[in-house]
Amino acid sequence: MGDVLLRAEVGEGVLLLTLNRPAQRNAIDLELCDRLSAALADFHDDPRWRVAIVTGAAPAFCAGLDLKSFTAPDAPRHRVTELIHKVPGLGKPVIAAVNGAAYTGGLELALACDFILAAEEARFADTHARIGALSGSGMGSRLPHAVGPRFAKQMMLACEPIDAATALRVGLVNELLPADRLLPRAIALAGAIAGHDPALIRIARDVVDRGSAATLAEAIAIESEALATRKAEGAMRWEAKPA
């Protein structure tokens, strides 16, 4: 049996994490959950890592939870919820490179990342209602933030998959790429981010995350506060502009 999670350094400071259960369409079982959680903890703690990319072994990104691992009444589903909620709080950027189906828990994992790049073959769906379940991992909160409440309701209530072109149109993904360009583009973006001051990246990321959950006036105050703090630390570099 192969390793359920592959780790690779694909650029200076860039960590690639590949969900590797292709026969199960990279569905998350307890082993994969624990391995990914540990890898993200290492990503958070190790200063050499500046950006992470999460993708799946072909043909899927992640089909959600492996229900065989979570059928028992006492099955620890909370560990998957904790894993997904951990991603936004890592303090470092995480890019989702969605190469195939991102369904239910897989979509929640992608939504927890800072942004999503998608291959043309990618598909996205929330099937919680179809299986008689409710999400506790952010579908009802992060999906409306990404695509708006009306389209989120359509996805969550009808459980119909959307293709990558639709995902791009509604703002779920940032870029749509041919399959063979997906990882190179993700690595290039990650490398560009990794080349910047990590403290400044952390602050800018925090300003956007906090501001997007606030009113416009509150968001402006958050940004002003961050700028004042950065100036007080003497870390802001000002460049003279040519006349």
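Remarks
- Residues that are part of a helix (DSSP H, G or I) and farther than 18 Å from Ala27 by Cα are absent from the range 118-135 altogether.
- Within the range 1-26, the set of residues being open to solvent by 10 Å² or more (accessible area, probe 1.4 Å) and among the aliphatic types (A, V, I, L, M) comprises Met1, Leu6, Ala8, Val10, Leu16, Ala23.
- Residue pairs whose Cβ atoms lie under 8 Å apart, sitting 6 or more positions apart in sequence or on different chains, and linking a residue in the range 97-109 that is in contact (Cβ under 8 Å) with a residue 12 or more places away in the chain and in a loop (DSSP other than H, G, I, E, B) to a partner that is crowded, with 24+ Cβ neighbours inside 10 Å and not hydrophobic (A, V, I, L, M, F, W, C), are Asn99/Thr55; Asn99/Gly56; Gly100/Gly56; Thr104/Gly64; Thr104/Asp126.
- Counting the residues of the range 167-196 that are part of a helix (DSSP H, G or I), open to solvent by less than 60 Å² (accessible area, probe 1.4 Å) and without any contact (Cβ under 8 Å) to a residue 40 or more places away in the chain gives 3.
- Of residues in the range 142-157 being free of Cβ contacts under 8 Å to residues at least 12 places away in the same chain and exposed (fewer than 14 other Cβ atoms within 10 Å of the Cβ), the one nearest to Ala213 (Cα to Cα): Pro149
- Tabulated pairs, the range 213-242, first acidic (Asp, Glu), second modelled with pLDDT of 75 or more and open to solvent by less than 100 Å² (accessible area, probe 1.4 Å), C-beta under 6 angstrom, 6+ apart or interchain: Glu223/Val207
- The single condition among (1) farther than 21 Å from Pro47 by Cβ; (2) of a type outside the set (Gly, Ala, Ser); (3) at pLDDT 90 or above; (4) in contact with a helix residue (DSSP H, G or I) (Cβ under 8 Å, 6 or more places away or on another chain) that Met236 does not satisfy is (3).
- Some residue of the range 214-228 being small (Gly, Ala, Ser), open to solvent by 60 Å² or more (accessible area, probe 1.4 Å), at pLDDT 90 or above and out of contact with any Phe, Trp or Tyr (no Cβ under 8 Å at 6 or more places or on another chain): yes
- Residue, surrounded by the most Cβ atoms within 10 Å (Cβ to Cβ), within the range 112-141, restricted to residues that are in contact (Cβ under 8 Å) with a residue 40 or more places away in the chain and under 13 Å from the mean Cα position of the chain (by Cα): Ala118
- Considering residues of the range 45-84 that are in a helix (DSSP H, G or I) and in contact with a Gly (Cβ under 7 Å, 6 or more places away or on another chain) only, the residue most open to solvent (accessible area, probe 1.4 Å): Thr81
- Scanning the range 34-42 for residues that are within 22 Å of Ala75 (Cβ to Cβ), part of a loop (DSSP other than H, G, I, E, B), charged (D, E, K, R) and open to solvent by 40 Å² or more (accessible area, probe 1.4 Å) turns up nothing.
The values are calculated or read from the model by the stated rules, or taken from the named source; none is laboratory data. Since we're looking at a predicted model, the values are computed, not measured. Cβ atoms come from the backbone with ideal geometry, glycine included; neighbour counts cover every protein chain shown. SASA here: full protein model, heavy atoms, side chains in, ligands and nucleic acids out. Shrake-Rupley method; radii C 1.70, N 1.55, O 1.52, S 1.80 Å.
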